[in-house]
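Encoded as structure tokens, the structure appears first; notes follow it.
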Amino acid sequence: MQEYPTLAAVDLGSNSFHLQVGRVEGEQLFYLDAIKDPVRLAGGLTAAKQLDAASQRRALDCLSRFGERLKGMPPGAVRAVGTSALRVAKNAAAFMDRARAALGFEIEVVSGREEARLIYLGVAHSLPLNQERRLVVDIGGGSTECIVGQGYEPRERESLRMGCVVFTNRFFPAGRIDKANMRAAETAARIEVQAVAHAFRVGQWTEAAGSSGTARALGAICAQNGHSQGQITLDGLRWLRERLIRAGEAERLEVAGLKPDRRPVIVGGLAIMHALFQELGITEMTAAQGAMREGILWDLLGRVHDHDMRDVSVAQFMRRYHVDGRQARRVERLALGLARAFADRVPADAMRLLGWAARLHEIGIGIAHSGFHKHGAYILENADMPGFSRRDQARLANLVRASRGGLGKLAIAPDDPGWPLILCLRLAVLLHISRTDQDLRALSLSCDGGDCALNAPADWLDANPLTQAALDAELREWLGLSPWVRLAAIRRDGAGGTTAGSSYRFAH
């Protein structure tokens, strides 16, 4: 595994974008420079769930600045993660293409529960390590994450669809604050929290911590106005609530500790935090320094040191769905061996994806043997898989769906970079259909440009007529896929015998 002296995390939050750079020293990270920009991406979501032009422009300008700082860093040393606003926006795909170009690096959009895992990881590394069960709450611009964990391990994770930007815009239009809209915001938040309160109520944890801007702002306000020593307290929240209502607008509120960049969204964040305190029985909460961006860095460090959470998730899925481990390993070994023919065009991360797909290609059998590749793909598309982005889960699901059955419905385009992975996985599954350990060293896949051939000794094919018939059927599948695939049948001499070597040819 490649090691890097410096790692960088980019957090595309719904309120602010953050860049955090860290220096690697063995198993430790030392934070270097950090950049924050209050982009307020969620504030640019229209009623039709479209990111408006102004918010996109702010975001792209910010990412261009981040890209300048990251210029020259290798792709494996940078991880950029998008959150709630990009999960919700219907025009996110088009925006993401421009965002990747502006940043100069890949950007993942993660699920709410994966966001929660990364937040917990960042917070846990910022607080003294102990074995007490800890509640972590993160009020972002578009969502709120609640996690209960122990040490560095999250045990319960939920993402709620409420955030400081969204609630401020929804309940306090034009910045107006009164008792009625404050009560409406708190009631809406309490309803959201009630659905998950059983797992996060006091009694499930012994200490509480809040992360990100809202928690730190509320902690500073409580401390500088005599309500705590830096913690968020219920009394302090109630005091600030009354001050906001009396002021009538956040812009007219004068309290120590409230910074200008937090002022526009403080009322939405307060309503959510007050509701969390009420529903979960919290009386005091530490304002932690760690947040999602630090969690991204620690997760990236784990990948660099070969402690990849994605490997853990794949192993857990294999156990949960009772995958035949020996068969999975057979298919994985052969698929990766065949993929060496594409070494010049398949990057290392794609090879890892192929390995995971081989291990998981049979997880759908527990639902039904018929069409199990489709059931497996559905699981992988929709399950929570810690460490995986939504895009990677979709790619993994597509590979599993393509591992067997007809190819006609897959809509593989001529320039699709995934077709070599599909070919290698399908051949590995086909050649191990007997589910026994076989010596397949005589088989090889060779490529010359876009022309690939599966080579096999003629006597081996004669000795394995069922495999030969299956390969013939596979040839027909690829032949019918589209005009850009050319397939040549097995060559045989006129006397009915076979030549010294036979091949199945796939031309791209």
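Once you have a ≥ b ≥ c as the square roots of the Cα gyration tensor eigenvalues for segment 300-382, tell me rounded if a/c is under 1.5, and otherwise prolate or oblate according to whether a/b is larger than b/c. In terms of gyration-tensor shape, oblate.
Full extension of the chain between Ala93 and Arg238 gives 48.1 nm of extra length, using 0.36 nm per residue less the Cα-Cα distance. Note on segment 221-245 and segment 9-53: Cα centroid distance 27 Å, given to the nearest whole angstrom. Tilt of helix 390-401 relative to the longest C-alpha principal axis of the chain, in degrees (0 to 90, nearest 10)? Helix 390-401 sits roughly 30 degrees off the main axis of the chain. In terms of its alpha-carbon gyration tensor, segment 324-438 comes out rounded; the largest-to-smallest axis ratio a/c stays below the 1.5 threshold. Considering every Cα-Cα pair within segment 127-288, what fraction, in whole percent, is farther apart than 25 Å? The calculated P(r) of segment 127-288 puts 24 percent of pairs beyond 25 Å. Peptide packing for 257-268, 61-72 was compared via the average number of neighbouring C-beta atoms within 10 Å per residue; ordered from the highest value, the list is 257-268, 61-72. A simple rule links phi to the HN-Hα coupling: the Karplus curve 6.51 cos²θ - 1.76 cosθ + 1.60 with θ = phi - 60°, which for segment 272-288 gives 5, 5, 4, 5, 5, 4, 5, 6, 9, x, 7, 10, 8, 9, 6, 8, 7 Hz, with x for Gly and Pro. For the chain, the orientation-averaged shadow of the C-alpha convex hull comes to 26.3 nm² (one quarter of the hull surface). For Gln194 and Ala368, a Förster radius of 25 Å and the Cβ-Cβ distance give a FRET efficiency of 0.10, rounded to the nearest 0.05. Between Arg183 and Leu32, take the C-beta separation as r, use R0 = 35 Å, and let me know the FRET efficiency to the nearest 0.05. That gives a FRET efficiency of 0.20.
Kirkwood Rh over Cα pairs of segment 137-184 into Stokes-Einstein at 25 °C, 0.890 mPa s: D in µm²/s? Using the Kirkwood radius from Cα pairs, D works out to 201 µm²/s. Packing, taken as the mean count of other beta carbons within 10 Å per residue, orders the peptides 330-336, 241-247 from highest to lowest as 330-336, 241-247.
In this simple spin-label model, placing a label point 7 Å from the Cα along the Cα-to-Cβ direction at both Ala442 and Glu25 gives a separation of 5.9 nm. Helix 212-224: angle to the longest alpha-carbon principal axis of the chain, degrees 0 to 90, nearest 10? For helix 212-224, the angle is close to 20 degrees. Shape class for segment 1-85: prolate, because the ratio a/c of the largest to smallest gyration tensor axis (alpha-carbon atoms, square roots of eigenvalues) is 1.5 or more and a/b beats b/c. Whole-percent P(r), segment 209-252, all Cα pairs, 10 Å bins from 0: 30, 53, 17.
The simple Förster model, with R0 at 25 Å and r as the Cβ-Cβ distance, assigns Asn455 and Ala343 a FRET efficiency of 0.90.
Listed by chain and number, the lysines whose C-alpha is less than 24 Å from the C-alpha of Lys49, apart from same-chain residues fewer than 8 away, are Lys90.
Entry note, the chain: relative contact order of 12 percent, from Cα contacts under 8 Å with a spacing of 6+ residues.
Calculated mean residue ellipticity at 222 nm for the chain: -14000 deg cm²/dmol, from DSSP H runs with n ≥ 4 weighted as -39500 (n - 2.57), summed, divided by the residue count and rounded to 500.
Against the chain, whose longest principal axis is taken from its Cα atoms, helix 325-339 shows a tilt of about 80°. Candidate cross-link partners of Lys71 among the lysines, defined by an alpha-carbon separation under 25 Å and a same-chain spacing of 8 or more, comprise Lys36.
A short reminder: the numbers here are calculations on the coordinates, not readings from a lab. Keep in mind that what you see is a predicted model, and the values were worked out from it rather than measured. Quick reminder, even Gly has a Cβ in these numbers, built from the backbone with ideal geometry, and neighbours come from all protein chains shown.
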